[in-house]
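Worksheet for the structure shown next.
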Amino acid sequence: MRKFFTVICFLLIFVIVYPQQDPEFAHNMYNSIYTNPGSAGIDGRICAKVINRQQWVGFEGAPVTTLASVDTDLNFLGVSGGVGLSITDDRLGMLKRFNAKLAFSYHIDFLGGKLGIGVDAGIINNDLEAGWNPPESSSSDDHLIPDNAVRKIIFDASIGAFYTFNEKIYLGLSISHILQPNIEYPDVTSASFLRRHYFATAGYSFRLFDSPIELQPSVFVKSDGTTIDNIINLTSLYNKFFLLGVSYGKEALSPMIGVNLKNGLRVSYSYELSLNKLISHSKGTHEVFVGYCFDFWRIDTKYKYRCTRYL
């Protein structure tokens with residue numbers, strides 16, 4: 001099975017998949033509902049999660065992103081599936097973006113595991129402020145900067161498939177912004193659109209010999225069709241409680257630390273170091289993850305650590 005995971009990771013690294021327009025997170029392995037609607041309710045419990053990311057601290061107008069999500073399994077008239085809701089507030093300079101989307105997933109037994117095939121739909125609200133002062137130039141007017149604050153609300157949708165096996169392995173493929181909606185502001189002569197984004201992910205959890213240490217390697221690959229980035233993560237969980245890990249991407253290294261309580265609560269912190277010239281100008285990137293999973297329908301049963309996404 002480890003050979004199988006190695007082959008999958010090798011293939012995913014070379015998939016043409018890096019979103020330039022969507023916010024990024026270091027805790028991708030705990031955040032599958034945001035990028036893949038097929039993962040909604042896949043672990044059979046109610047899971048609520050919040051991520052706050054303060055990127056490039058020290059720069060005025062640097063990105064600040066907050067994501068909140070909740071998902072659960074759903075069995076209606078004998079049909080197994082899941083439903084999830086995610087809300088994102090993303091702020092970068094003069095741009096404020098609010099995204100709310102509802103995900104539905106259909107679950108089937110497949111090759112000894114569970115496969116979720118899902119779709120999500122929602123709105124993106126873009127607010128573009130007019131208070132930004134551009135550098136001095138020979139041109140007196142910039143047609144890309146609005147005279148007044150403007151707002152644009154667009155419809156957005158994504159599709160995805162998420163597979164888990166033996167509570168140890170997960171694989172995911174998804175596409176966001178499948179309609180590539182246009183963003184055209186009033187009084188701004190230039191229009192843009194959200195590019196279609198592609199995501200691929202895989203993770204594996206195994207015990208290190210007979211020790212109380214579980215190793216959880218994972219890979220997350222992303223693309224907007226023109227550029228590609230892959231993030232490799234290795235997390236160790238001691239006695240199912242204390243977490244240490246590190247993520248490595250093309251331009252950043254992110255050590256992380258956290259705890260995983262027996263009642264289903266997880267708290268994790270990541271500090272991202274830039275591997276480019278930003279390291280001498282920025283105070284780094286801070287990211288906090290808080291998640292809580294519980295089994296509402298079988299609340300009298302003893303809690304058992306069982307999620308394929310490590311929460």
Exercise. Quick one: in the range 38-87, of everything that is buried (at least 19 other Cβ atoms within 10 Å of the Cβ), within 15 Å of the chain's Cα centre (by Cα) and among the aliphatic types (A, V, I, L, M), which residue is nearest to Ile175 (Cα to Cα)?
Key: Ala40
Quiz item: Just checking, how many residues over the range 249-272 are under 21 Å from Phe294 (Cα atoms) and assigned to a loop (DSSP other than H, G, I, E, B)?
Solution: 4
Quiz item: In the range 29-83, which residues are closer than 28 Å to Leu128 by Cα and modelled with pLDDT under 90?
Solution: Asn31, Gln55, Trp56, Val57, Gly58, Phe59, Glu60, Gly61, Ala62, Pro63
Self-check item: Residues of the range 224-277 satisfying the condition of being surrounded by 14 or more Cβ atoms within 10 Å (Cβ to Cβ), touching an Asp or Glu at 6+ places or on another chain (Cβ under 8 Å) and over 27 Å from Glu214 (Cα atoms)
Solution: Ser274
Quiz item: Here are some conditions: (1) among the acidic types (Asp, Glu); (2) under 29 Å from Ser270 (Cα atoms); (3) at pLDDT 85 or above. Asp156 meets all but one. Which one does it not meet?
Solution: (2)
Quiz item: What is the residue count in the range 201-223 for residues that are part of a strand (DSSP E or B), surrounded by fewer than 20 Cβ atoms within 10 Å (Cβ to Cβ) and touching a Phe, Trp or Tyr at 6+ places or on another chain (Cβ under 8 Å)?
Solution: 4
Practice problem: Kindly indicate whether any position in the range 127-144 is modelled with pLDDT of 75 or more, hydrophobic (A, V, I, L, M, F, W, C), out of contact with any helix residue (DSSP H, G or I) (no Cβ under 9 Å at 6 or more places or on another chain) and surrounded by fewer than 17 Cβ atoms within 10 Å (Cβ to Cβ). | Solution: no
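The values are calculated or read from the model by the stated rules, or taken from the named source; none is laboratory data. All values derive from a computational prediction rather than experimental measurement. No Cβ is skipped: glycine too gets one built from the backbone with ideal geometry, and neighbour counts run over all protein chains shown.
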